[in-house]
Amino acid sequence: MTESDSATGLGQARIEAAYGSGDGDDDSSATVARPMQGKIFEQIYRPWNGPLGPRWVRNYAIYRHHVYGIISGTGHRRYHPFVRLLLLVVILGSMTPILMLLLSTMVSDDATGFLNRMWGVNRYNLWGNVLGYFPRNLCMWPLLTALVVGGLVSDDRRNGTSAIYFSRPVSRLDYAAMKWLSAASVLAIVILLTYMMYYSAAVVFKGEGWSFIADTIPIFMGGLLAGILLVFTYTSIGIALSSISTSRFTASISFLGYILGTKLVAWLIEIQFNTTYVYMLSPYDCLAHVGQWLVGLPYNYDHPLALSAISLVTMNSVSLAVFASRVASLEVTRE
């Protein structure tokens, strides 16, 4: 038996020639065995020379992937059915004052006066529909933020999908902006839209005239601005916590713990030492303090309003700085 090796451009193939004996020796022939080794593929990365979509199209694709996933999971971010159910419960719970306003138009005059005081448009109710502690800032808004923001960036860190984003012509600034805007849009739809629906329903159901609108529109705008501050702050804190974690559960629990934990600790210290300065560590209380000023309500806090405003700016600045730092460290390629 003889062996010879033949080298080719794609690898080596082993050729074996075997000669038999006995009958048929005169017509000896060689038998060539098939190569047993696998093929070697050559990968060549070629730049895309075709036209690229405009920048807004690429950014809209990121935005749509996260926002449309709440309604349709096909081709978008997958939200668990339990998460979608909780989001529906939060939306319906936010619309409860509208139902009570409708109920007040169907009952007797005596009951109507009571319902108007409880659910009608006034400074306390406009403030409470955005910044009320129970149930909104105890059960609804923190839970809503945790569900939306939990896996927004942490999933990319765990699965390495940031490499998919950055293998396209998507800058880190666009990536961070669209992630933040996706979460803020969901919060704004639930919080601000239901707030505007509540005010509009009060005007329509009660048949109020232009004089009522002129009297209440400054209060309404103050509450709307307070709601925008709440959406901005909760989104910034939540997405910062998501960017430093690789687990959506950890990010969600951390956000809930921070919002509710700081409120509880500050409340216990107020009871024990009769001081409200610790409330500056609570995002909710800083928002509530500023919101009371915007709507024109008496303050529930002894420390100056400026300290709450400075604390609010500091929270947002630190959160956005952490988020930007973590986005800058996201991997570009994954082997």
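The values are calculated or read from the model by the stated rules, or taken from the named source; none is laboratory data. What you are looking at is a predicted structure, and each value in this text was computed from that prediction instead of being measured. Please note: Cβ atoms are built from the backbone with ideal geometry, for glycine as well, and neighbour counts cover all protein chains shown. Note: accessible area is taken over every heavy atom of the protein model, side chains too, but ligands, DNA and RNA are not part of it. Shrake-Rupley method; radii C 1.70, N 1.55, O 1.52, S 1.80 Å.
Here are the numbers:
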{"item": "Scan of region 247-268 for residues that are among the aromatic types (Phe, Trp, Tyr) and more than 19 Å from the chain's Cα centre (by Cα), ordered by number", "result": "Trp267"}
{"item": "Those residues of region 266-292 which are in contact (Cβ under 8 Å) with a residue 24 or more places away in the chain and not small (Gly, Ala, Ser), in sequence order", "result": "Thr275, Thr276, Tyr277, Tyr279, Met280, Leu281, Pro283, Tyr284, Cys286, Leu287, Val290, Gln292"}
{"item": "Any hit, region 302-311, residues being of a type in the set (Asp, Glu), more than 27 Å from Pro218 (Cβ to Cβ) and outside any helix (DSSP H, G or I)", "result": "no"}
{"item": "Matching residues, region 64-101, being within 26 Å of Tyr199 (Cβ to Cβ), of a type in the set (Ser, Thr, Tyr) and surrounded by 16 or more Cβ atoms within 10 Å (Cβ to Cβ)", "result": "Ser94"}
{"item": "Pick from region 145-164, criterion out of contact with any Leu (no Cβ under 8 Å at 6 or more places or on another chain) and open to solvent by 30 Å² or more (accessible area, probe 1.4 Å), ranking: farthest from Gly53 (Cα to Cα)", "result": "Arg158"}
{"item": "Considering residues of region 137-163 that are within 15 Å of Ala328 (Cα to Cα) and either hydrophobic (A, V, I, L, M, F, W, C) or assigned to a helix (DSSP H, G or I) (or both) only, the residue farthest from the chain's Cα centre (by Cα)", "result": "Ala163"}
{"item": "Every residue from region 135-163 that is among the charged types (D, E, K, R) and touching a helix residue (DSSP H, G or I) at 6+ places or on another chain (Cβ under 8 Å)", "result": "Arg136, Asp155, Asp156, Arg157"}
{"item": "Hey, Leu320 crowded, with 16+ Cβ neighbours inside 10 Å, touching a residue at least 60 places away in the same chain (Cβ under 8 Å), among the aliphatic types (A, V, I, L, M) and closer than 22 Å to Ala188 by Cα or not", "result": "yes"}
{"item": "Region 126-143 residues that are within 11 Å of Ser94 (Cα to Cα), paired with ones that are among the aromatic types (Phe, Trp, Tyr) (beta carbon under 7 Å, 6 or more apart)", "result": "Asn129/Tyr195; Asn129/Tyr198; Val130/Tyr195; Trp141/Tyr234"}
{"item": "Whichever residue in region 284-305 is open to solvent by 60 Å² or more (accessible area, probe 1.4 Å) and out of contact with any His (no Cβ under 8 Å at 6 or more places or on another chain) and, among such residues, is nearest to Leu230 (Cα to Cα)", "result": "Trp293"}
{"item": "Single unsatisfied condition, Asn137 versus (1) among the polar types (S, T, N, Q); (2) farther than 27 Å from Leu225 by Cα; (3) touching a Phe, Trp or Tyr at 6+ places or on another chain (Cβ under 8 Å)", "result": "(2)"}
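Yes/no per residue for (1) out of contact with any Asp or Glu (no Cβ under 8 Å at 6 or more places or on another chain); (2) over 25 Å from Leu147 (Cα atoms):
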position	(1), (2)
Ile253	yes, no
Trp267	yes, yes
Ser308	no, yes
Leu320	yes, no
